[in-house]
Structures are given as structure tokens and as C-alpha cells.
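Structure first, then comments.
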Amino acid sequence: MTLRPQRPADLALLVGADTPFDDFGPLAPSPYPAPSRLDDAGAYAVVDEQGELAGEVSWHWRGWGPNAGSRCPMIGIWVRPEHRGRGVGAAAQRRVAELFFTHTTANRVEAHTDVDNVAEQRALERAGFTREGVTRGAQWRDGCYRDGVLYAVLRADLR
């Protein structure tokens, strides 16, 4: 599995919204690939061992304190249905965390998923993330507030 910047040809395959965990309302497809800079919001294409586009891993930055040193990336992933269950998601999430620790000063990489998304919780744990707790009513999706699970990996965890 490799990560690379998205290409315009990828966009038709990076459609998402095929699981109940994607239901955040209708979104227009982006006409442009996501930025690939690690110091701002962005995304990478996930490519499997055969060179096929398997999905995307994305991120945005959030803060836990008033200074820039308290910021950390929150990652998310979407894997195309035919690539699920093969470990691609776990590998991509671990690799993007390693990239953040190599190329930024982030000390923490977070991920958040629906409390019922057990497959994603397992993938995060295989990627080295630690379950930190339930975020009650944190996410508005499909007409109601939903509980989520917060995961994180620290720089020292991957040494």
C-alpha cells in the first residue's frame, strides 16, 4: 500500500457515501484533487499493491490549546468497497500517522469514528491507535446526534 497526492483521474472513483457512516447530507463532487500538504487540511490517494486506487485518507487540524504546538491532525478514511477487509485501511492510517510524525511537529494524530463502526475501530487499533473514549452526541448525521469513539496515536507510540 502506498499513499500519493490525488490526481484528477482519481476523483471519479473517490465517491464515498456508500455506508451509513457517510450520511452527512448531499455533497457535490469536487472538481479538483485535495491538497496534499501535511500542514493544512488535505488528503492522499490510497493505492494497493497492484497499483489500483483503493480509497483516500484525509485530515484536518484541530487544537487542544491556545498555541500552535497544541494542534494535531484528525484523520479520516474511505476505502472503496472492493478493497475493504484486506488491511488497506489500517496500513494507510498508520502510514499517514508516520508521515505526520516525520514531516510535522505534531505529537498526536487523532481519528474519530461512529460508535457502531466496529470495522473502523479494529482498523485503527491494528494501525497502532489507542481508544481514548466515547464522545457522546458529538456527530450530527442522518437526522440525529450520534456517539463516536475517539482514537489517537502519539509520536512516542510509533517509535
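Basic side chains Lys and Arg get +1 at the Cβ, acidic Asp and Glu get -1 at the Cβ, and with that the dipole of the stretch 4-159 about its Cα centre reaches some 520 debye.
Under the criterion of Cα pairs below 8 Å and six or more residues apart, the relative contact order for the stretch 54-159 equals 23 percent. Note on the chain: dipole from Cβ charges, positive end direction compared against LEU99, GLY55, SER70; the farthest Cα belongs to SER70.
In this calculation the C-beta distance from THR2 to ASN67 is compared with R0 = 30 Å, giving a FRET efficiency of 0.30. Label-to-label distance, THR130 versus ASP157, with points set 7 angstrom from Cα along the beta-carbon direction: 0.7 nm. Where only DSSP H runs of four or more residues are counted, the chain gives -5000 deg cm²/dmol as its mean residue ellipticity at 222 nm, each run worth -39500 (n - 2.57). If the elastic network links every pair of Cα atoms under 10 Å, which of ARG95, ARG37, ARG131 fluctuates the most in the Gaussian network model of the chain? Top of the fluctuation ranking is ARG37. Summary value for the stretch 109-159: 44 percent relative contact order, contacts being C-alpha pairs under 8 angstrom separated by 6+ residues.
Here the accessible area of the chain is 52 percent carbon and sulfur, with a 1.4 angstrom probe and all protein chains present. A 1.4 Å probe run over the protein chains yields, for the stretch 47-159, 52 Å² of accessible area per residue, whole-number rounding.
The values are calculated or read from the model by the stated rules, or taken from the named source; none is laboratory data. Computed from a predicted structure; not experimentally measured. Neighbour counts are summed over all protein chains in view; Cβ atoms, including those assigned to glycine, are modelled from backbone coordinates with ideal geometry. Heads up: the accessible areas ignore ligands, DNA and RNA and are worked out on the full protein's heavy atoms, side chains in. Shrake-Rupley method; radii C 1.70, N 1.55, O 1.52, S 1.80 Å.
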